[in-house]
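Derivation of every value follows stated rules applied to the coordinates shown; laboratory data play no part. Small disclaimer: the values here were computed from a predicted structure and weren't measured. Counting neighbours? That spans all protein chains shown, and the Cβs are built from the backbone with ideal geometry, glycine included.
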Amino acid sequence: MAKKGTAGAKKTVCPIGKAAFLAVAAALTGVVRTKLGEEFVLSRKVLSQGTKIGYYSGGKLTVSVDGTPVKCQVGINVVMLDEQIMTGPEWLENPDAAALGKKIHGMIAGGESIAFKAMEFGTGSFGWNGNGKVAGTIGTKDVRFQVGVNVTVIGSKPEAAAAEAA
């Protein structure tokens, strides 16, 4: 359901309450992982004004929660923890980095090394969160990455629900 905000933009309100969501969301973690694997691709990025390199993907996905379609906002960030082993332009062109991105993407979707759970975020909104560390090789160098995945139910922030009730 959408409602006009103060600036005229439509705001999406979550069609399911927090308690109902949290009661079934843990069982849907595998479904969310599968959708992340099917609908998102990691792209190489130069981060933090060129001082960090890694991968990013984001967008929207819809998950059926007890038969109700629930729209979610996705953000996947993967940042190299080790000293930068190449420049940003080298990173963007390196075929080993491209292959490693596909491997890490598979780890996120497959559940390897990434703790993933349904939760309420500090903002009061809810969804799924995954994080962990993964290792790989680029050329002859072993490298480590910090992975962070947020899948936030759009409109689940308490202010959105309060605005709908008004």
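Can you give me the angle between helix 29-39 and the longest principal axis of the chain, using Cα atoms only, in degrees from 0 to 90, rounded to the nearest 10? Relative to the chain, helix 29-39 is tipped by roughly 60 degrees.
Could you list V147, V41 so that the one with the fewest beta carbons within 10 Å of its beta carbon is first and the one with the most is last? Mind dumping the intermediate values first?
Working: V147 22, V41 13.
With the fewest neighbours first, V147, V41 line up as V41, V147.
Using only side-chain charges placed at the Cβ, +1 for Lys and Arg and -1 for Asp and Glu, the dipole size of the range 2-165 relative to its Cα centre rounds to 480 debye.
Just want to confirm a number: the relative contact order over the chain, from Cα pairs under 8 angstrom separated by 6+ residues, in percent.
Numbers: 309 pairs, mean separation 42.4, N = 166.
Relative contact order here is 26 percent.
Ordering N131, P95, V143 by the projection of their Cα atoms onto the charge dipole of the range 2-165, which places +1 on the Cβ of Lys and Arg and -1 on the Cβ of Asp and Glu, puts N131 at the extreme positive end.
Exceedance of the 30 Å cut-off in Cα-Cα distance is limited, within the set K71/K141; K18/K103; K71/K133; K11/K102, to K71/K141; K18/K103; K11/K102.
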